[in-house]
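Chemist: Structure incoming, see below.
The values are calculated or read from the model by the stated rules, or taken from the named source; none is laboratory data. This one's a predicted model, so the numbers in the text were calculated from it and none came from an experiment. Methodologically, a virtual Cβ is constructed for each residue, glycine included, from the backbone with ideal geometry; neighbour enumeration extends over all protein chains shown. Please note that ligands, DNA and RNA were not included when accessible areas were found on the heavy atoms of the full protein model with its side chains. Shrake-Rupley method; radii C 1.70, N 1.55, O 1.52, S 1.80 Å.
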Amino acid sequence: MKVALVNPPFSKLVYGGEKSIKSITPCLGLFYLQSYCADVADIEVFEGEFYSSLEALIAAVNDFAPDVLGVTTNTSTWPYCVAISQAVNAGLKLAGGPYAAFRVKECLEYFDAVALGDGEVPLRALLQTGRVSEAPGFAWRGSDGIIRTNPTPPLPPLDDFPFPDHHKMQLGLYQASPHRELPEPFATMMTTRGCGFQCTFCLSASGGLNGGKYRERSVQNVVSELTVLRERFGVRSIQFWDDTFTMRKQRTAEMCAALKPLGLSWVCNTRTDKMDQETADLLADAGCRGVFFGVESGHQPTLDRDHIKGVENIQVRGALAACRRAGIRTTASFIFGSIDDTRQSIEASVDFSLQLESDYVLYNIYTAHPGTSGYRRAVEEGIIDSYEVDVARWKGEPAGVPTVCRNLSRNELHTLKAEAYLRYYRHRDPVKHADLIATYIEELHLLTGGSAVDARVS
Ligand code: B12
Ligand code: SF4
């Protein structure tokens, strides 16, 4: 049986017209599915970003002539997921990933079945039995038209999963964000899944995908994969995609002790309340070059009420300072336009971001993804309808979906975002960032219609 697993292209939809730095990294979820089911089917992963157009991707998938099509979905790529399903010839069409899992009814208009969480066990059962009705963890529509949901299987220990097939992955085709300055070849890895905090915008939060349940691979299992990557593929750097890499201090210490002799450069993501000087020093000594922190808001009431981050701004300052002292580069990521954000709270947040002196900053606009508590709140409070993704209607970030801020329009949020970047780059190093500064001034002119902007940018 032939199975095509497709990761739709996304950079044109998600980053089109934005100045974000693009990276193309392997779709780990699909590669995990491939290796877990390799002995029961002939499975190919198709990375949409590698094709010149959506049509070229679809043609390649059709040339492969799959019996089963599986598409990984997220909110922003949903229109492409539909287009792929409609244009690919396959006897059975499956969807999975963070959008499908929370939009079952909509997905079943275009797919035969939807995976509700981790897909390894469900997909294997489906390929072995050939029957959706006998595969756990799928929702599907019976011949009577009624949606049925097979209970999700218990989540197996992560060490039970074979490593993704790095030969098939063609590591050399991917690219890390240039600003991460990772020596090539680089690879990505998850050493944990889930997170389980309460953040309202995140699907790794409690209640999100797989209930947000935090699960770990053993240090030994991680080191085995890293050793394969280093010795067989010459990999010199790793981007750890874990949601909260330093979740447990003892595991972090064990991980760092095991990583150090491998001599790899690496970067990771974590929470600011999971970073202190001791941890930062351990990370740096083990090869860590950069840490990404979701700061979200520098305005404490917004952080507490809208984001439910569970972090004090003083902890944010401490975490960033600890990394700086340890020689680790930091990225601080902020979100504008949560439900009760105002111009004042956003400006306070930007002031805070400038004080942090992080090496990089990201200002994003709040996206209410289905399955998050922020989405539920926005629907319950009548701020948004239970939406259909519509790229033509909602242009720019958030891609294809409505914003949720009561007090600021989409255009105002984009304007505040451009102003924030302008302030940041002028504050950091205006000479070095002259080109970016000019681009943001131009963007502000477009957003505000010219004259109004002069006061803002001077
Ligand atoms: C790494 C990552 C990225 C990377 C690379 C993505 C890639 N190439 O796959 C980069 C930085 C490029 C990225 C970009 C974006 N990302 Co991102 N990203 C992640 C992150 C941190 C890890 C993804 C991962 O590898 N997970 C591990 C694997 C094992 O899990 P998985 O992907 O969920 O797959 C499992 C199941 O879902 C299921 N499954 C998945 N697909 C399918 C398909 C079938 C057929 C079946 C049966 C099962 C199945 O089985 C898999 C194995 O168990 C997640 C958060 C997270 N912890 O998951 C966010 C996350 C996926 N990203 C998110 C978002 C929003 C984005 C962006 C839109 C952000 C932006 N504005 O730029 C873009 C869009 C990119 C795109 N591909 O469309 C959201 C998605 C929410 C949503 N509903 O859309 C997440 C969930 C974070 C969040 N906010 O909660 N991202
Ligand atoms: S700490 Fe990060 S990964 Fe965990 S729930 Fe919050 S935003 Fe998601």
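Chemist: Using 7 Å Cα-to-Cβ label points, what is the Glu231/Ala56 separation (nm, one decimal)?
Modeler: Distance between label points: 3.8 nm.
Chemist: Still on this structure, I have one more. Rank these residues by their accessible area, most exposed first, probe 1.4 Å: Glu184, Glu347, Glu419, Glu225.
Modeler: So, going from the largest accessible area down, we get Glu184, Glu347, Glu419, Glu225.
Chemist: Same structure again: With charges only on Cβ, +1 for K and R and -1 for D and E, what is the dipole size of the chain about its Cα centre, in debye, rounded to 20?
Modeler: Dipole size: approximately 500 debye.
Chemist: If you don't mind, there's one more thing I want to ask. Taking the Cα centre of region 2-142 as the origin, how large is its charge dipole in debye, to the nearest 20, when only Lys and Arg (+1) and Asp and Glu (-1) carry charge on their Cβ atoms?
Modeler: Once rounded to the nearest 20, the dipole reads 360 debye.
Chemist: Still on this structure: State the cysteines of the chain left without a partner when partners are defined as other cysteines whose beta carbon lies under 4.7 Å away.
Modeler: Cys27, Cys37, Cys81, Cys107, Cys195, Cys256, Cys268, Cys288, Cys323, Cys405, each lacking another Cys Cβ under 4.7 Å.
Chemist: Turning to a different aspect of this structure: Counting only protein heavy atoms and a 1.4 Å probe, tell me what percentage of region 172-280's accessible area is made up of carbon and sulfur.
Modeler: Carbon and sulfur together cover 51 percent of it.
Chemist: Additional query: Are there any chymotrypsin sites (Phe, Trp or Tyr not before Pro) in region 362-393 that are in a DSSP loop and have at most 10 other Cβ atoms within 10 Å? List them by number.
Modeler: Passing sites in region 362-393 do not exist.
Chemist: Near Leu209, within a Cβ-to-Cβ distance under 13 Å, what is the net charge of the other residues, with Lys and Arg +1 and Asp and Glu -1?
Modeler: +2
Chemist: With every protein chain in place, what's the accessible area of Tyr425 (1.4 Å probe, Å², nearest 10)?
Modeler: Accessible surface of Tyr425 is approximately 40 Å².
Chemist: So for the chain, taking the charge dipole from beta-carbon charges (+1 Lys/Arg, -1 Asp/Glu), which of Gln277, Gly145, Gly211 sits furthest toward the positive end?
Modeler: Going by the Cα projections, it comes out as Gln277.
Chemist: Beyond a 22 Å Cα-Cα separation, which of these cross-linked pairs lie in this structure: Lys395/Lys432; Lys2/Lys93; Lys2/Lys168; Lys22/Lys432; Lys395/Lys417; Lys22/Lys395?
Modeler: From Lys395/Lys432; Lys2/Lys93; Lys2/Lys168; Lys22/Lys432; Lys395/Lys417; Lys22/Lys395, over 22 Å: Lys395/Lys432.
Chemist: Summing -39500 (n - 2.57) over the DSSP H runs of n ≥ 4 in the chain and dividing by its residue number, what mean residue ellipticity at 222 nm do you reach, to the nearest 500 deg cm²/dmol?
Modeler: Taken over the chain, the calculation gives -11000 deg cm²/dmol.
Chemist: Lysines within cross-link reach of Lys309: Cα-Cα under 18 Å, excluding same-chain residues under 8 positions apart?
Modeler: The reachable lysines, counting only those whose Cα sits under 18 Å from Lys309, are Lys213, Lys274.
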